[in-house]
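Right, one structure below, let's go through it.
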Amino acid sequence: MEKIVDIEWSKLGFSYIKTDYRYISYWKDGKWDEGTLTQDNRLHISEASTALHYGQQCFEGLKAYRTKDGKVHLFRPDRNAARMQDSCRRIMMPEFPIERFVDACKQVVKANEAYVPPYGSGATLYLRPFLIGVGDNLGVRPAPEFIFSVFCSPVGPYFKGGMKPVNFSVSDYDRAAPYGTGAAKVGGNYAGSLMPHEAAVKGGFADCIYLDPATHKKVEEVGAANFFGITKDNKFVTPKSPSILPSITKYSLMQVAKDYLGMEVEERDVFIDALDEFAEAGACGTAAVITPIGGIKYKDKLHVFYSETEVGPVTRKLYETLCGIQVGDITAPEGWIAEV
Ligand SMILES: *Cc1c(COP(=O)(O)O)cnc(C)c1O
């Protein structure tokens, strides 16, 4: 195994730690340049960049995992690459090729291998690819130039001292418009979520739940994660809506539920006044894999699922199976693991 930097992995949180190298590629005159690794963690961009004024930017998030035998795995990076292309099309930015995206992620992990936390620490190397509109421009129009970049930062285990359920409250605010940019991972969706998040935290909740913006009757997102519930007859259910961000973790869990746990899987409406149909519930995304939901507060009533203190058995099994696949302990479905 490579030399590993001296970090107390178990104490790491989710904050920026400057690593040695990042990847950067420029788009100009209709094409991407060949791209390069650089030690400079500052961007030098025009003050008139569309990314700064009109939110023309998108991002991704994925992790590198150390396996038991010291290898490094990326989990479904081609899905992040494809999703970034979808985001780019929605806000008129040039797509970065899928193979080049995956290669850039691998280059960044290799160049920073000393920062990939050891197997079993629970810590991982988080990768943050992003694509932004830059160059001199004043009017509301697509930028004349673009930057694609990937940096990484080691992050700690999401649950320190074991997985435990948390409570959420339903927000009166919307995170996206019915036919807006909710399904694109674009920065513009997130500034508006800071205030509802802060209000939820002040009320003693982990984060807020957003309902569908058209009718406010259906569950859409749990903060910046997707929702799933396990029905009393053991089905994995997750909401379907054009304003939900399509979580790669969610689609992976659907396949794990079906193929590894033999469950039925449904992607359909989840009504906020029918939470009784679920025995367990959780939020899913790259950061935590699964955050078990203890209860959801809606109109002054707290609806508790399995327990406010204990993790339900199906939620735990889903979590252990997906984590096992990510670190290479459990055989992954074809194409899910990219070895660095
Ligand atoms: C990134 C993100 C998710 C989770 O997606 P993953 O691909 O599973 O990491 C869910 N909801 C929102 C709003 C997101 O930005």
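The alpha carbon gyration tensor of the chain gives principal lengths a ≥ b ≥ c with a/c of 1.5 or higher and a/b no greater than b/c, which makes the shape oblate. Here the contact order of segment 236-300, divided by its residue count and restricted to Cα pairs under 8 Å and six or more residues apart, works out to 35 percent. Highest mobility in the GNM of the chain, judged by mean-square fluctuation with C-alpha springs under 10 Å and restricted to Ser247, Ser15, Ser193, is found for Ser15.
With equal scatterers on the alpha carbons only and no solvent term, can you work out the Debye log10 of I(q)/I(0) for segment 11-76 at 0.12, 0.24, 0.28 1/Å? Here log10 of I(q) over I(0) equals -0.53, -1.38, -1.34. With Rh defined as the Kirkwood radius, the inverse of the mean 1/r over Cα pairs, the Rg/Rh of segment 9-155 is 1.00. On the beta carbon distance between His53 and Glu334, with R0 = 41 Å, the FRET formula returns roughly 0.40.
Quick one: length gained pulling Phe271 to Asp69 fully straight, 0.36 nm per residue minus the C-alpha distance?
Stretched out fully, the Phe271 to Asp69 stretch lengthens by 68.2 nm.
Dipole magnitude for segment 196-340: computed about the Cα centre from +1 point charges on Lys and Arg Cβ and -1 point charges on Asp and Glu Cβ, it is near 280 debye. If you count the DSSP beta bridges with both ends in the chain, what percent of them are antiparallel, to the nearest 5? For the chain, the DSSP antiparallel bridge percentage is about 85.
Viscosity 1.567 mPa s, temperature 4 °C: what is the translational diffusion coefficient of segment 101-171 from Stokes-Einstein with a Kirkwood Rh over Cα pairs, rounded to a whole number of µm²/s? Write out the running numbers ahead of the final one.
Numbers: Rh = 15.6 Å.
Rounded to a whole number, D works out at 83 µm²/s.
Once you have the alpha carbon radius of gyration of segment 249-340, what is it after dividing by 2.2 N^0.38 Å, with N set to its residue count? Mind showing how you got there, number by number?
Numbers: Rg = 14.7 Å, N = 92, 2.2 N^0.38 = 12.3 Å.
Taking N as the residue count of segment 249-340, the ratio is 1.20.
Under conditions of 10 °C and 1.306 mPa s, segment 166-326 yields 102 µm² s⁻¹ as its translational diffusion coefficient, taking Rh as the Kirkwood radius over Cα pairs in the Stokes-Einstein equation. Between Arg42 and Arg128, the contour length at 0.36 nm per residue exceeds the Cα-Cα span by 29.5 nm.
Output the antiparallel fraction of DSSP beta bridges having both residues in segment 167-303, as a percent to the nearest 5. Restricted to segment 167-303, the bridges split so that about 70 percent are antiparallel.
Per the Debye calculation on segment 148-201 with a single equal scatterer at every Cα and no solvent contribution, log₁₀ I(q)/I(0) for q = 0.25, 0.29 Å⁻¹ amounts to -1.03, -1.08.
Dipole of segment 9-155 computed with +1 at Lys/Arg Cβ and -1 at Asp/Glu Cβ about the Cα centre; of Gly139, Phe151, Gly35, farthest Cα towards the positive end is Phe151. Here's the picture: charge each Lys and Arg Cβ at +1 and each Asp and Glu Cβ at -1 in segment 166-326, and of Val311, Ala257, Ala224 the one pushed furthest to the positive end of that dipole is Ala224. Here the simple spin-label model places points 7 Å from the Cα toward Cβ, and for Glu310 and Glu8 these points are separated by 3.3 nm. Averaging the sequence gap over all C-alpha pairs within less than 8 Å and six or more residues apart, then dividing by the number of residues, gives the chain a relative contact order of 19 percent.
Return Met92, Met254 ranked ascending by Cβ neighbour count within 10 Å, so the fewest neighbours appear first.
Working: Met92 12, Met254 19.
Final ranking by Cβ density, sparse to dense: Met92, Met254.
Exposure proxy for Asp20, Asp259, Asp6, Asp276: other Cβ atoms within 10 Å of each Cβ, ordered fewest to most, give Asp6, Asp276, Asp259, Asp20.
Counting Lys and Arg as +1 and Asp and Glu as -1, each charge on the Cβ, what is the dipole of the chain about the Cα centre in debye, to the nearest 20? Don't skip to the answer; put the middle values down first.
Working: 39 positive and 43 negative charges, 48 e Å.
It comes to approximately 240 debye.
Placing +1 on each Lys and Arg Cβ and -1 on each Asp and Glu Cβ, with no other charges, gives segment 28-129 a dipole about its Cα centre of roughly 420 debye.
Think of the chain as a dipole: +1 on every Lys or Arg Cβ, -1 on every Asp or Glu Cβ, centred on the Cα centre; then among Tyr115, Met84, Pro165, Tyr115 lies furthest on the positive end.
None of the figures in this text is laboratory data; all of them are computed from the coordinates on show. On a predicted model such as this, the values are computed, not experimentally measured, just so you know. Cβ sites come from the backbone with ideal geometry, for glycine too, and all protein chains shown count toward neighbours.
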